[in-house]
Amino acid sequence: MNYEAIEQALAELPLYVYAWIDPKKLEFSDRVRHICQTECTMYGKSWACPPGVGTVAECREKCLRYNKALLISSLTEVADIADMQATLATRRGHEELTDQVGDILRTHGLEPYILSTEACAICGRCAILDGKPCRHPEKMHPCVESQGINIIPTLEENGLEFQYGQNIVTWVSLLLFRDAE
Ligand code: SF4
């Protein structure tokens, strides 16, 4: 894989940082799933979230079918991070960046399995609420945490932080892929 060419393309994007990750080093934890179940209002309301994504063991098994991952992060400053509406509004830009990075990997012949942020917002009402399959499985990205992934140790191992300042919103995506080399 021509990582240098990919990195040149990544340098054109307003990413804060990126890092090449070994998926085997990702931490999968039932504690993360417990937080989804007990603290997130989207639990059971999106195919991008648990339990629709499968058990943590199933998610881990799927992620470990890939032997490489690209972690990307973007930062956005907001006036007041406690303003959830303004904070969540910064997510759209990160999702667009994530799709752009996915396209870069595809132009290099890779087929990324993309994990991104929060619940999918493509449809006004997720099909899971009507007991129907996802309408856009090729476009929707399950949330990183939905897989049971605790991303903090991975960030730390790569010298990254999750919080860069009081009013800085940090978004993280993981693009897993198979590198045959
Ligand atoms: S694409 Fe639509 S149906 Fe699929 S997860 Fe997203 S919101 Fe739900």
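What follows draws every value from the coordinates through simple rules; no lab data is involved. Computed from a predicted model, the values in this text were never measured in an experiment. Note that we place each Cβ from the backbone using ideal geometry, even for glycine, and neighbour counts take in every protein chain shown.
For the options GLN85, GLN166, GLN100, a Gaussian network treatment of the chain with springs between C-alpha atoms closer than 10 Å singles out GLN85 as fluctuating the most. Between ALA11 and THR87, the simple label model (points 7 Å from Cα in the Cβ direction) yields a spacing of 3.5 nm. Springs join every pair of Cα atoms under 10 Å in this Gaussian network model of the chain, and among ASP103, ASP30, ASP83 the largest mean-square fluctuation is at ASP83. Among MET140, MET42, MET84, which one shows the highest mean-square fluctuation when the chain is modelled as a Gaussian network with alpha-carbon springs under 10 Å? Fluctuation is largest for MET84. Cα centroids of segment 117-165 and segment 1-77: 7 Å apart. Peptide packing: for 67-77, 145-155, the average count of neighbouring Cβ atoms within 10 Å per residue gives the ranking 145-155, 67-77, highest mean first. Over the chain, dividing the summed -39,500 (n - 2.57) contributions of all DSSP H runs of at least 4 residues by the number of residues returns a 222 nm mean residue ellipticity of -9000 deg cm²/dmol. Across all C-alpha atoms in segment 62-181, the radius of gyration and Dmax reach 15.3, 46 Å.
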